[in-house]
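Student: One structure follows; several queries about it will come next.
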Amino acid sequence: MTVTPPDTTPPTTDARVLLIDGHSMAFRAFFALPVENFATTSGQPTNAVYGFTSMLLNLIRDFAPTHLMVAWDVSRASFRTTEYAEYKGTRSATPSEFKGQIPLIHDVLGALSIQHVGIDGVEADDVLATMATRSAEAGAQVLVCSGDRDTFQLVSDRVTVLYPRKGVSDLVQMGPAEVQEKYGVTPERYPDLAALVGETSDNLPGVPGVGPKTAAKWIAAYGGLEGIVAHVGMITGKAGDSLRENLAQVVLNRRLNGLLRDVEVPFSLEDIARGPIDRAAVHEVFDALQFTVLRDRLFQLLPQDEGKEEVASLTLQHERPEPKALGAWLAARGDSIGLEVVGRFAGGAGDAWALAVADADGVGTVLDLTALDPDDDRALADWLADPERTVVVHDAKTATHLLATRGYRLRGVVFDTLLAAYLCHPDQRTYDLDDLAVRYLQRELPRVDEAAADQLALDLTGEGEDLSALARAVAVRELRASLAADVDARGAGGLLESVELPLQAALIAMEDAGIAADLSYLRAIEAEFDSAVERAAAGAYEAIGRQVNLGSPKQLQEVLFDQLDMPRTRRTKTGYTTDAEALAELYAKTGHPFLEYLLAHREAIRLRQTVEGLLRSVAPDGRIHTTFQQTVAATGRLSSADPNLQNIPIRTEEGNRIREGFVVGEGYECLLTADYSQIEMRIMAHLSEDAGLIEAFRSGEDLHRYVGSRVFGVAPADVTSAMRAKIKAMSYGLAYGLSAFGLSRQLGIEVSEARGLMDDYFERFGGVRDYLTGVVDDARRDGFTETILGRRRYLPDLLSDNRQRREMAERMALNAPIQGSAADIVKVAMIGVQRELAERELGSRLLLQVHDELVLEVAPGERTEVEAIVREQMAGAAELSVPLDVSVGVGRSWREAGH
DNA sequence: AGCTCGACGTA
DNA sequence: CGTACGTCGAGCTG
């Protein structure tokens, strides 16, 4: 134990000291917040950390403490357990999910520069009692935050206890008056009362038949426990007898519940004065915990520039080129320029109003694009379009679109910090420049207001927003080196340069092009689906004799399980499922007409919704411009949003009608679709090197028929359609980590049969089994999986001791190389198609990508050549040990062109 | 207004 | 108790 330093703090009447019992508050937070709602994406539970931090921030906000300290229980053992082995003996073991969060709370406290301590042999409350006493003696106002009522004995004019009534957000302030009011005794006498009444949570039994009222009465009569003990013979009645029988326990209770006020705490009052927080550490810790909201709350609490001195190190020089001098100024900037475009872009249209440019020396400017001198405008256009001058951008796809809205063409993008960050951390959902700056530059983007402008010695009259654009341009430029190093260290340098960056150019062109929509056709089927919705709803209402909201699972559950008393379905978090599968089952069991109408309603409303969404997103040019997101899917796939054109219905006839609304645009000959057949199984064959599976693809026989003939030991011609269906489900399931249970459920067969099927499969295709187990083993060892192009997915959860999370990670490990390699191949194909179309100066163009399918718009007379290009580029996108089979279709609509 | 949840479309 | 996405309405929270 450390020796107590002399307390040199002079009495300070304006000091406000906040003392927190860490364990007690964290434990309350743990139970107040559902653990399933608070976890990082990697599965680390954070409910206790969150609740604790949130409470801490509230306290700091509400009480503005000048001094702050947290005390921890080191172990259950203390002088109290030595004296009384049963002390707190009824407490069950702390859940492991809670224990793991304590070090995380330590990290939070560290980042916030809050002193915290645990002292062997005493409890946290003894530490708090000691500090409270010292602080009060020094003249400070003290707040003690603890869930242990024993702390009430500390209450005085100077000391208030904050006691959680419920959870961690509802704290009640206990001053002398409140203690007196609630217990009928003064704070000093509270432990006497507790000794008599007992404390269940500490496993201290009280006197049977004596509650707080009796105890308070005796304390009043005899002046306290000492007086009661001295006069124990005088107390009459049953309670008196009971007291005499249990007197030893009461005396023991009193010895145990008295808090120590002279523990050798290694902090003086001065030591726990609130210091400046470590901003970088806060970012690091809150990043890791994924506490974005709390981080914002924290920074709002702080003086604007606290801990921000490092901002000054951001070299940034703002210049204002004279009118007509922009061309010369830009020419002097050299290479590796950071760019930031300010504007808005969505659905194929938008506007850009400012452009920030920063060079390698941190010299930069912010241009108002709405008010450029015509000469400067031309100079800027030439400079932006110059492919020789290299630029670095964060999200170059959006920047390019934005600049295009003002007629500028952006070329020479050699690095995109967004794409780089995605390759390094594919599981993150967002890659904000601010976060990257903190992570890679250990620096914050300056919050640019007038004060910051002064600090940066910026000569500015413009908008604050423009200034932050300049800071972002500088940050982007500076980020290039660190991110490039990280990308290379992760073996993704080739992917960035040869795949993601060139692909970005293709995506820009695709988004610009959009796909033509047949407006009148879509409106017609919208009306049709609408009346189908009405019909189904009317039928459903009639069947149950009332109107309900058919779109509300909650109301549906009332109808199905309460009103109609149907058998309960599978449980969900909030009740019983009403999904289509369960409804179909219920229909088979009950034949109730409501279910038929409900299912019809679901389908119709869904179709109507899809069409409505599409109609809403048709741009003035009559086309739908989706956004392909290149940095969202952890496996490397693209995703499509606003609207999502990768989930347009195809399986049902009704759904397929929607595809008729996507048509060839004016001036073009037809749509062409090209898709890979069974690309994932082919990748499986390639990666596993399973001779049987490779042979299956080389034989030219139908894959599932071939595999089925091997598994069931019959001639391919004798594989029944039922056998084929089982094999197909099985083959695809393997790539997702399907279990025998899952397979049995999907096929509606016994688990044993499913297991037998899997065994037979692996018997014949042992290479597949070896590959699948090997992939997980390797990933466990390396911490990541890899695709054929070296795209990684990091899976730390493979080592989790939580079974559910571990098994989830194992399935991800099985799937990521397969889905991700397919994504790699399609991306390479897209780049090849785009390149060939450009080199041959064809008018045809890529429009969409749907994971294993490309949709192109063919210019008149180019059909044959385009088909040849697409086939060649797609089939040749990777050299696998099995051929890559491509099928092509053409037509005036997406449906016709499909197969 | 902003969030989560259930449901469901695609590969 | 099969992966990867995006979108919608309902219903809750602030």
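Student: Report the accessible area of A:Asp107, computed with a 1.4 Å probe over the heavy atoms of all protein chains in place, in Å² rounded to the nearest 10.
Tutor: Using a 1.4 Å probe on the heavy atoms, I get roughly 80 Å².
Student: Given Cβ point charges of +1 (Lys, Arg) and -1 (Asp, Glu) and nothing else, what value in debye, to the nearest 20, does the dipole of chain A about its Cα centre take?
Tutor: The calculated dipole for chain A is roughly 2920 debye.
Student: If you plug each phi of region A:820-837 into the Karplus form 6.51 cos²θ - 1.76 cosθ + 1.60 with θ = phi - 60°, what whole-Hz ³J(HN,Hα) values come out, in order, with x for Gly and Pro?
Tutor: Per residue, the Karplus-derived 3J(HN,Hα) values read x, 5, 4, 4, 4, 5, 5, 4, 4, 4, 4, 4, x, 4, 4, 5, 5, 4 Hz.
Student: If R0 is 56 Å, what FRET efficiency do you get for A:Arg255 and A:Glu807 from their C-beta distance, rounded to 0.05?
Tutor: Efficiency for this residue pair is about 0.65.
Student: Here is a follow-up. State the Kirkwood hydrodynamic radius of region A:318-425 in Å, one decimal place, computed from all pairs of distinct Cα atoms.
Tutor: 14.0
Student: Then there's this: Quick one: Karplus J couplings for region A:709-717, per residue in order, coefficients 6.51, -1.76, 1.60, θ = phi - 60°, nearest Hz, x for Gly and Pro?
Tutor: Working through the residues one at a time gives 5, 6, 5, 8, x, 10, 5, x, 5 Hz.
Student: How many nm separate the modelled label positions at A:Asp565 and A:Ser156, each set 7 Å beyond the Cα in the direction of the Cβ?
Tutor: If labels sit at A:Asp565 and A:Ser156, their model points lie 6.9 nm apart.
Student: Take the Cβ-Cβ distance between A:Glu872 and A:Glu666 as r, set R0 to 35 Å, and report the resulting FRET efficiency rounded to the nearest 0.05.
Tutor: On the way: r = 28 Å, r/R0 = 0.81.
According to the calculation, E is roughly 0.80.
Student: May I ask you to derive the FRET efficiency for A:Thr236 and A:Glu137 from their Cβ-Cβ distance with R0 = 45 Å, giving the value to the nearest 0.05?
Tutor: About 0.60, to the nearest 0.05.
Student: Taking 0.36 nm per intervening residue step and subtracting the Cα-Cα distance, what contour gain separates A:Ala715 from A:Val172 on full extension?
Tutor: 187.6 nm
Student: Hey, any idea what % of chain A's accessible area is carbon plus sulfur with a 1.4 Å probe?
Tutor: 49
Student: Starting from the Cα of A:Glu322, step 7 Å along the direction of its Cβ; do the same at A:Phe741; then give the gap between the two resulting points in nm.
Tutor: Between A:Glu322 and A:Phe741, the simple spin-label model gives 7.8 nm.
Student: Hey, how many Å between the Cα centroid of region A:675-729 and the Cα centroid of region A:561-637?
Tutor: Region A:675-729 and region A:561-637 have Cα centres spaced 32 Å from each other.
Student: On to the next question. Determine the equivalent ellipsoid of chain A by diagonalising the alpha-carbon gyration tensor, then write out the semi-axes as square roots of 5 times the eigenvalues, largest first, rounded to whole Å.
Tutor: 61, 41, 27
Student: Compute the distribution of all C-alpha to C-alpha distances in region A:237-276, in bins of 10 Å from 0, and list the percent of pairs in each, rounded to whole numbers.
Tutor: Result returned by the calculation: 22, 25, 18, 15, 14, 5, 0.
Student: Here's something else I'd like to know. Can you report the principal axis dimensions of region A:629-709 using only the alpha carbons, biggest first, rounded to whole angstrom?
Tutor: Here the spans come out as 48, 31, 27 Å, largest first.
Student: With the convex hull built on the Cα atoms of region A:820-899, state its orientation-averaged projected area in nm².
Tutor: The orientation-averaged projected area of the Cα hull of region A:820-899 comes to 5.2 nm².
Student: If you don't mind, another one. Pick out, from A:Leu522, A:Tyr541, A:Pro553, the residue whose Cα sits farthest towards the positive end of the charge dipole of region A:515-624, with +1 on the Cβ of Lys and Arg and -1 on the Cβ of Asp and Glu.
Tutor: Value computed over the given set: A:Pro553.
Student: If the cut-off is a Cα-Cα distance under 16 Å, which aspartates and glutamates reach A:Lys589, setting aside same-chain residues fewer than 8 apart in sequence?
Tutor: Within the straight-line cut-off, A:Lys589 pairs with A:Asp565, A:Asp579, A:Glu581.
Student: Mind checking the full-extension length gain between A:Glu841 and A:Asp642? Use 0.36 nm per residue of separation minus the Cα-Cα distance, one decimal, nm.
Tutor: 68.6 nm
Student: Tally Lys/Arg at +1 and Asp/Glu at -1 over every other residue whose Cβ is under 14 Å from the Cβ of A:His625; what's the total?
Tutor: So the environment of A:His625 carries a net charge of -1.
Student: Calculate, axis by axis, the spread of Cα positions in region A:461-605 along the three principal axes, and write the results as whole Å, longest axis first.
Tutor: That works out to 67, 42, 41 Å along the principal axes.
Student: Now for a separate question. Under 11 Å from the Cβ of A:Ala332, count the other residues' Cβ atoms, weight Lys and Arg +1, Asp and Glu -1, and hand me the total.
Tutor: -2
Student: Along Cα→Cβ, 7 Å out, is where each label goes; now give me the distance between the ones at A:Ala580 and A:Ala381 in nm to one decimal.
Tutor: 5.1
Student: Give the angle, between 0 and 90 degrees and rounded to the nearest 10, that separates the Cα long axis of helix A:519-544 from the longest principal axis of the Cα atoms of chain A.
Tutor: Around 50 degrees separate the two axes.
Student: What do you get for the angle between helix A:47-63 and the principal long axis of chain A? Use alpha-carbon atoms, 0 to 90 degrees, nearest ten.
Tutor: On a 0 to 90 degree scale, this one is about 60.
Student: Turning to a different aspect of this structure: Quick one: plug the Kirkwood hydrodynamic radius of region A:108-181 (C-alpha pairs) into Stokes-Einstein at 20 °C, 1.002 mPa s, and report D in µm²/s.
Tutor: On the way: Rh = 13.2 Å.
The calculation lands on 162 µm²/s.
Student: Rank A:Asp359, A:Asp432, A:Asp562 by accessible area, highest first, at a 1.4 Å probe radius? Provide the component values of the computation, followed by the final result.
Tutor: Working: A:Asp359 5, A:Asp432 80, A:Asp562 100 Å².
Solvent-accessible surface, decreasing: A:Asp562, A:Asp432, A:Asp359.
Student: For chain A, what is the mean residue ellipticity at 222 nm derived from helices alone (per DSSP H run of n ≥ 4: -39500 (n - 2.57); sum divided by total residues; nearest 500 deg cm²/dmol)?
Tutor: Rounded to the nearest 500, the figure is -15000 deg cm²/dmol.
Student: Right, here's the next one. How long is the gain from A:Arg651 to A:Glu879 if the chain were fully straight, where each residue apart is worth 0.36 nm and the alpha carbon distance is subtracted? Before the final figure, lay out the partial values.
Tutor: On the way: separation 228, 0.36 × 228 = 82.08 nm, distance 3.15 nm.
Length gained, A:Arg651 through A:Glu879: 78.9 nm.
Student: Of A:Thr82, A:Thr133, A:Thr46, A:Thr720, which has the most accessible area and how do the rest follow, probe 1.4 Å? Walk me through the numbers on the way to the answer.
Tutor: Details: A:Thr82 120, A:Thr133 30, A:Thr46 5, A:Thr720 65 Å².
Output order, biggest surface exposure first: A:Thr82, A:Thr720, A:Thr133, A:Thr46.
Student: As I understand it, the dipole of chain A uses +1 on the Cβ of Lys and Arg and -1 on the Cβ of Asp and Glu, about the Cα centre. Which of A:Pro567, A:Leu256, A:Tyr736 lies farthest toward its positive end?
Tutor: A:Pro567
Student: Counting only other residues whose beta carbon sits under 13 Å from that of A:Ser821, what net charge do I get with K and R as +1, D and E as -1?
Tutor: Details: positive: A:Arg637, A:Arg682, A:Arg791, A:Arg792, A:Arg793, A:Lys827; negative: A:Glu680, A:Glu786, A:Asp824, A:Asp852, A:Glu879.
Computed value for this residue: +1.
Student: Whole-Hz Karplus ³J(HN,Hα) for region A:380-386, in order, using 6.51 cos²θ - 1.76 cosθ + 1.60 and θ = phi - 60°, x for Gly and Pro?
Tutor: Each residue of region A:380-386 in turn: 5, 4, 5, 5, 5, 7, 6 Hz.
Student: Right, another one. Out of residues 5 or more away from A:Val363 or on other chains, whose amide H comes under 5 Å of its own, with H placed 1.01 Å from N in the peptide plane?
Tutor: Here A:Gln317 satisfy the definition.
Student: Would you kindly find the accessible area of A:His851, with a 1.4 Å probe and non-protein molecules such as ligands, DNA and RNA excluded, rounding to the nearest 10 Å²?
Tutor: Counting only protein heavy atoms, A:His851 exposes about 50 Å² to solvent.
Student: In Å², and per residue, what accessible area does chain A have when probed at 1.4 Å with the other protein chains present?
Tutor: Heavy-atom accessible area per residue stands at 44 Å².
The values are calculated or read from the model by the stated rules, or taken from the named source; none is laboratory data. Just so you know, these numbers come straight off a predicted model, no measurement behind them. As a convention, Cβ positions derive from the backbone with ideal geometry for all residues, glycine included, and neighbour counts pool all protein chains shown. Remember, those area values only see protein heavy atoms, side chains included, never the ligands or the DNA or RNA. Shrake-Rupley method; radii C 1.70, N 1.55, O 1.52, S 1.80 Å.
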